[in-house]
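Single-structure report; data block below.
The values are calculated or read from the model by the stated rules, or taken from the named source; none is laboratory data. Computed from a predicted model, the values in this text were never measured in an experiment. Heads up, the Cβs are rebuilt from the backbone with ideal geometry, glycines too, and the neighbour counts pull from every protein chain shown. SASA here: full protein model, heavy atoms, side chains in, ligands and nucleic acids out. Shrake-Rupley method; radii C 1.70, N 1.55, O 1.52, S 1.80 Å.
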Amino acid sequence: MTVSINQELCRACGVCGHVCPRHIPEVVETGGMKATVISSQRSSLCMECGHCAAVCPSCAIEVKCFSGREFDPVQELEMDGDRLLPFMRQRRSVRRYRENPVPREIINRIINAAHCSPTGTGRMTTGVIVIDDRKSLATLSELAYRMYEGLGKSLNNPVARLFIKRRAGEKRLRALQDFVMPGMHWYIRWYKEGKSNEILRDCPALVLFHSPVYEPVGEQNCLLAAFHAIMMAQTMDIGTCFNDLIPPACNRVPEIRKLLGLDDDREVYASITMGYPKYHFRRIVPRDLAEVRYLT
Ligand SMILES: Cc1cc2nc3c(=O)[nH]c(=O)nc-3n(C[C@H](O)[C@H](O)[C@H](O)COP(=O)(O)O)c2cc1C
């Protein structure tokens with residue numbers, strides 16, 4: 001059983017079952033006495049989200065996957081919307097970094113924010129790989145540039161293009177042709193001329209977020225974990241930028257998979273470059289959603 005209830009502590013208030021996405025704990029009444037039990041029909045549906053244990057007023061619930069781990073008490077925080085919104089509006093993608101490395105204790109603090117990101121299935125299966133040594137970053141870039149150069153050639157070949165469309169789908173093909181490759185054409189040129197490394201933006205650290213291939217919402221989990229890290233980095237004036245060019249190279253190039261020690265059943269779905277910002281933005285870019293409307 002993934003969830004167990006200490007009947008001596010439980011007051012059968014029923015809140016655990018109410019917050020549970022699948023109503024696994026349920027209050028039953030026998031002989032005029034109420035008790036919380038685990039539904040035998042649904043116990044196997046437990047997502048291990050921990051909500052039942054986190055909400056229980058009498059600490060009566062234990063979730064197996066968290067055994068031995070503390071559930072820290074929730075605190076009153078000073079954060080409010082008047083502080084959070086300006087902080088979010090001031091977030092910018094930072095693509096130009098100073099050369100000095102980001103100390104690992106700072107990277108670890110940033111990654112701490114990713115540990116608590118939401119996950120689609122409740123359980124955390126997202127993994128992180130940090131690359132902060134110049135040699136590995138250089139090897140990874142070199143292999144990624146080679147992959148994109150080969151991809152560019154394939155896209156110019158009608159037969160290979162058809163093959164890519166079949167494998168990756170129309171949407172991905174269009175993104176490659178209309179968005180990725182026109183910029184990549186220049187990136188490859190500047191890289192070969194030794195001017196800059198635009199794929200990695202000459203970053204001192206790269207953080208990869210990977211997930212099991214068959215995790216139901218693994219890609220979204222990785223993106224959310226990355227965004228948590230991005231927000232945490234901003235609190236420490238560390239610049240970050242999502243990088244969509246790196247995950248395909250990590251997944252498809254066997255030498256990169258080997259360099260990363262990426263298990264066969266995992267793929268990288270998000271990555272962020274990271275470093276001390278070379279420049280600071282002075283104004284907020286005005287931007288709104290395409291639409292906000294209530295249906296009625
Ligand atoms: C899912 C996602 C993927 C992105 N991939 C890249 C990328 O590969 N390279 C890059 O330079 N910026 C990338 N960005 C950053 C966007 O280009 C950036 O958000 C946009 O330019 C707006 O700037 P802002 O983040 O400062 O608001 C990505 C952003 C998102 C949300």
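For region 259-296, the candidate set comprises residues that are more than 14 Å from the ligand (Cβ to nearest atom), of a type in the set (Ser, Thr, Tyr) and open to solvent by 90 Å² or more (accessible area, probe 1.4 Å); within that set, the residue that is nearest to Ala144 (Cα to Cα) is Tyr294. Evaluation of Asn112 against the conditions (1) assigned by TED's automatic domain parsing to the domain that holds Arg252; (2) at pLDDT 95 or above; (3) outside any helix (DSSP H, G or I) shows that the sole unmet condition is (3).
Scanning region 166-187 for residues that are surrounded by 14 or more Cβ atoms within 10 Å (Cβ to Cβ) and charged (D, E, K, R) returns a single hit, Arg172. The residue list Val213, Val207 contains one member that is in the same structural domain as Asp263 (by TED's automatic domain parsing) and either surrounded by fewer than 18 Cβ atoms within 10 Å (Cβ to Cβ) or of a type in the set (Ser, Thr, Tyr) (or both), which is Val213. Within region 122-158, the set of residues being outside any helix (DSSP H, G or I), at negative phi and in contact with an Asp or Glu (Cβ under 7 Å, 6 or more places away or on another chain) comprises Arg123, Thr125. With respect to (1) within 11 Å of the ligand (Cβ to nearest atom); (2) open to solvent by less than 40 Å² (accessible area, probe 1.4 Å), the lone exception for Leu223 is condition (2). I'd like the full set of residues that are closer than 26 Å to Ser44 by Cα and either exposed (fewer than 10 other Cβ atoms within 10 Å of the Cβ) or of a type outside the set (A, V, I, L, M, F, W, C) (or both), limited to region 63-79. Listed by number, the residues that qualify are Lys64, Ser67, Gly68, Arg69, Glu70. In the set (1) open to solvent by less than 10 Å² (accessible area, probe 1.4 Å); (2) assigned to a loop (DSSP other than H, G, I, E, B), the condition left unmet by Gly194 is number (1).
Open to solvent by less than 100 Å² (accessible area, probe 1.4 Å), of a type outside the set (Lys, Arg) and within 16 Å of the ligand (Cβ to nearest atom): is that true of Val94 in this structure? For Val94, the condition - open to solvent by less than 100 Å² (accessible area, probe 1.4 Å), of a type outside the set (Lys, Arg) and within 16 Å of the ligand (Cβ to nearest atom) - is met. The residues in region 226-237 that are of a type outside the set (Asp, Glu) and open to solvent by 40 Å² or more (accessible area, probe 1.4 Å) can be counted, and the count is 6. Scanning region 237-296 for residues that are farther than 17 Å from Ser211 by Cα and of a type in the set (S, T, N, Q) turns up Thr240, Thr273, Thr296.
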